[in-house]
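In what follows, a structure is listed as structure tokens, so that the remarks can point back to it.
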Amino acid sequence: MQDYYKVLGVSHTASAAEIRCAYRKKAKILHPDITHRDSDEFRELLEAYQTLSDLKSRALFDQSFAFRGGSASSGTTKGKQTFDYRIWLLSRDDDESRAKLIMYDLTHGMEDSAVQEFKRMNMSRRNFRLSRWFGHEEFMDYGYILAEELVLRREYYDAVILLDQIIKMEWKFHYFKFFFEEVEDFTRHILLNNLEGSLNDEMAIDAWERALDLNLGKKCDSAVLMKMADAYSRIGDLNTAQTCRATAVQL
């Protein structure tokens, strides 16, 4: 039986975030658009990812793999830990340590803690940016996973802030490449379906204004401007609302 963990290059105790990140990294190497042929390796990679990214199918795979003589553990034995990296990070309050705490929690099965710390830092620190403390590949992979976790918890404003950083970094480094359409579609969906009614109008307007700088297409920009017009109308700024509607019609 094929070991899907080995296919992805992760341990049997890998977190969901590590599995998603490993899949994206390997897919960028094995994607048919790169190899210019139908790739058995890519199909195998996709099958492994689809199995291990779903909790139920992963549990069934683990049971079956163990039954056939495989191992559901990493196979390594570690000595007693004398230094707890997470506790050390928790004891520090500088931006770099808090950013690394967020990523540590995200990749060690503590997604709720990662989300809450990211929200806290966005609220308490001006211009807090995860991208300052990580290489662009690491930030974009794990940053996108964090954005997904934020959306699962209906933290839409913070997701937009993070996606804004990811998209702008993609313009500089072209790292996502084959997955960038997925990132853009994800961002559009949040902007057009999740903000209105979930945030107060001022926060929604701020998120929509960010979106207008992301080159998400005229259709998206027009829809965003119409939503901004409605929000400005609700808060009593009729002149700005009229300007937004007029601009939307011109696109």
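The values are calculated or read from the model by the stated rules, or taken from the named source; none is laboratory data. For clarity, every value in this text was computed on a predicted model and none was experimentally measured. Don't worry about glycine lacking a Cβ; one is built from the backbone with ideal geometry, like all the others, and counts go over all protein chains shown. The accessibility values were calculated without ligands, DNA or RNA, using every heavy atom of the protein model including side chains. Shrake-Rupley method; radii C 1.70, N 1.55, O 1.52, S 1.80 Å.
The lysines within cross-link reach of residue 26, meaning a Cα-to-Cα straight distance under 18 Å and a gap of 8 or more places when in the same chain, are 6, 177.
In the chain, the longest principal axis of the Cα atoms and the axis of helix 55-67 are about 10 degrees apart.
Probe radius 1.4 Å, ligands and nucleic acids ignored: give me the carbon and sulfur share of the accessible area of the stretch 110-238 as a rounded percent. The partial results should precede the final answer.
Working: 2950 of 6170 Å².
That fraction is 48 percent.
Rounded to the nearest 10 degrees, the angle from helix 111-124 to the longest Cα principal axis of the chain is 40 degrees.
Computed from Cα positions, the angle between helix 201-211 and the longest principal axis of the chain comes to roughly 70 degrees. If you take the Cα centroid of the stretch 207-226 and the Cα centroid of the stretch 159-179, the two points sit 16 Å apart. Solvent-accessible area per residue in the chain equals 55 Å², computed with a 1.4 angstrom probe and all protein chains kept. Put simply, the amide H of residue 196, placed in the peptide plane, has no neighbours under 5 Å, leaving out anything fewer than 5 places away on its chain. Between residue 138 and residue 247, the FRET efficiency from the beta-carbon distance, with R0 = 41 Å, is close to 0.65.
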